[in-house]
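Here's the structure, in structure tokens; my notes come after.
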């Protein structure tokens, strides 16, 4: 499912917006728009199946706004081009992670120490309850 995400060309569906960055850049930071924001409309994507759209919408609900846009930002680098490459890479990583099925946990046997701790706490609890009983005189 997710193995083919990088093979798809999402470039036509990306909307980029550049603005002034708060990251590194010295005096350049006040003059040049190096921060890049990627907007991707999940619901309207022609390259994702309905199942993929549902999974992405569910898992990335905190990164998707009310309009159904996935918004990612990069302002690490000093150049707009590098930030654009970073945000595209971030997009692919997030989508791949969202579409990767979660592995089921295999149940293991409890350790000897944990069994001992459990039994000891049961003994202590039993003694506490026995001590609550009325005493016959």
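Quick note: the coordinates plus some simple rules give every number you see, no bench work behind them. It should be emphasised that the depicted structure is a prediction, and the values quoted were computed from it without experimental measurement. Cβ sites come from the backbone with ideal geometry, for glycine too, and all protein chains shown count toward neighbours.
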Requested in this report: Express in whole angstrom the spacing between the alpha-carbon centres of region 52-85 and region 102-124.
Outcome: 41
Query raised in the report: What angle, in degrees between 0 and 90 and rounded to the nearest 10, separates the Cα long axis of helix 112-132 from the longest principal axis of the Cα atoms of the chain?
Result: 50
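Please sort 105-116, 60-71 by packing, taking for each peptide the average over its residues of neighbouring beta carbons within 10 angstrom, highest first.
On the way: 105-116: 8.2, 60-71: 12.7.
In descending order of packing, they fall as 60-71, 105-116.
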Query - Gained length - residue 115 relative to residue 96, 0.36 nm times residue gap less alpha-carbon distance - result: 2.9 nm
Query raised in the report: Where Rh is the Kirkwood radius over the Cα pairs of the chain, the temperature 10 °C and the viscosity 1.306 mPa s, what D in µm²/s does Stokes-Einstein return?
Result: 82
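Given a Förster radius of 41 Å and the C-beta distance between residue 30 and residue 7 as r, what FRET efficiency does 1/(1 + (r/R0)^6) yield to the nearest 0.05? Let's see the in-between values first.
Values: r = 40 Å, r/R0 = 0.98.
Calculated value: 0.55.
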Query raised in the report: With contacts defined as alpha carbon pairs under 8 Å and 6 or more residues apart, what's the relative contact order of region 1-109 in percent?
Result: 31
Report summary line: Once residue 46 and residue 105 are pulled to full extension, the length gained, defined as 0.36 nm per residue separation minus their Cα-Cα distance, is 17.8 nm
